[in-house]
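The values are calculated or read from the model by the stated rules, or taken from the named source; none is laboratory data. Just so you know, these numbers come straight off a predicted model, no measurement behind them. Cβ sites come from the backbone with ideal geometry, for glycine too, and all protein chains shown count toward neighbours. For accessibility, only protein heavy atoms count, side chains too; no ligands or nucleic acids. Shrake-Rupley method; radii C 1.70, N 1.55, O 1.52, S 1.80 Å.
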Amino acid sequence: MAQNKEATKDCVFTALAGLMEQKEYKYISVTDIARKAGVSRMTYYRNYSSKDDILIQHFRKISQQLLMEAKEDIEQSLVSFFTYFQKYEKLARVLTQVDLMTLVVKCFSGFTDYLYKSLHPDLMNTTRARYAECYEAGGLFSILIGWLSEGVVESPKEMSEIALSILAGE
């Protein structure tokens, strides 16, 4: 049952992502999303309260996966981060254009906070650390946006190495 619910959520996200490439976000209706995903409006409303909620739930799920990966291997989690956004490059560009990247940054806060705390354990629990976590989260997404605007030339592995060296202050 849970697998079925996750499959439905994946279909709804994929439908929204596809629609965002075709028309402006503000003009995408619940009916458009449900029709494209092959689900009823009732199913949609059973899982989501808004279009933003689709994005929030999806990106929180991805963030949780990256966080679990980061606990094993920070560099590999950054490779996965860039690989994900390489796969969804068109969507990431649209999210940037329609000013929804801030929503995405918030969804990834657990992941970016963990990165900061792992790379700077000596600065834990200070006022500076609280603001530095915000700065580094914004910095990682600024690197992502720059990479997208440059045409995704470097590989996710290269971007991971670049981002890690910048975030570590090297």
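Miscellaneous remarks
- Any hit, the range 1-20, residues being in a helix (DSSP H, G or I), modelled with pLDDT under 95 and under 18 Å from ILE143 (Cα atoms): no
Residues are listed down the side, and each one gets a yes or a no for (1) basic (Lys, Arg); (2) at pLDDT below 90; (3) in contact with a Lys or Arg (Cβ under 9 Å, 6 or more places away or on another chain):
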residue: LYS61; (1), (2), (3): yes, no, yes
residue: ALA70; (1), (2), (3): no, no, no
residue: LEU103; (1), (2), (3): no, no, no
residue: LYS117; (1), (2), (3): yes, yes, no
residue: ARG128; (1), (2), (3): yes, yes, no
residue: GLU136; (1), (2), (3): no, yes, no
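- Boolean, LYS36 is over 26 Å from ILE143 (Cα atoms), free of Cβ contacts under 8 Å to residues at least 60 places away in the same chain, in contact with a Gly (Cβ under 9 Å, 6 or more places away or on another chain) and among the charged types (D, E, K, R): yes
- For the range 87-141, a residue qualifies if it is of a type in the set (S, T, N, Q), open to solvent by 20 Å² or more (accessible area, probe 1.4 Å) and touching a helix residue (DSSP H, G or I) at 6+ places or on another chain (Cβ under 8 Å), and the qualifying residues are THR96, SER109, SER118.
- SER63, sole failed condition from (1) closer than 27 Å to ALA15 by Cβ; (2) exposed (fewer than 14 other Cβ atoms within 10 Å of the Cβ): (2)
- Residues located in the range 153-167, provided they are under 17 Å from TYR88 (Cα atoms) and surrounded by fewer than 17 Cβ atoms within 10 Å (Cβ to Cβ): VAL153, GLU154, SER155, LYS157
- Within the range 89-170, helices (runs of 4 or more DSSP H) holding 2 or more residues that are closer than 21 Å to PHE59 by Cα and free of Cβ contacts under 8 Å to residues at least 60 places away in the same chain: 89-97, 101-107, 109-119, 127-149
- Scanning the range 23-53 for residues that are part of a helix (DSSP H, G or I), surrounded by 15 or more Cβ atoms within 10 Å (Cβ to Cβ) and of a type in the set (Ser, Thr, Tyr) yields TYR25, THR43, TYR44.
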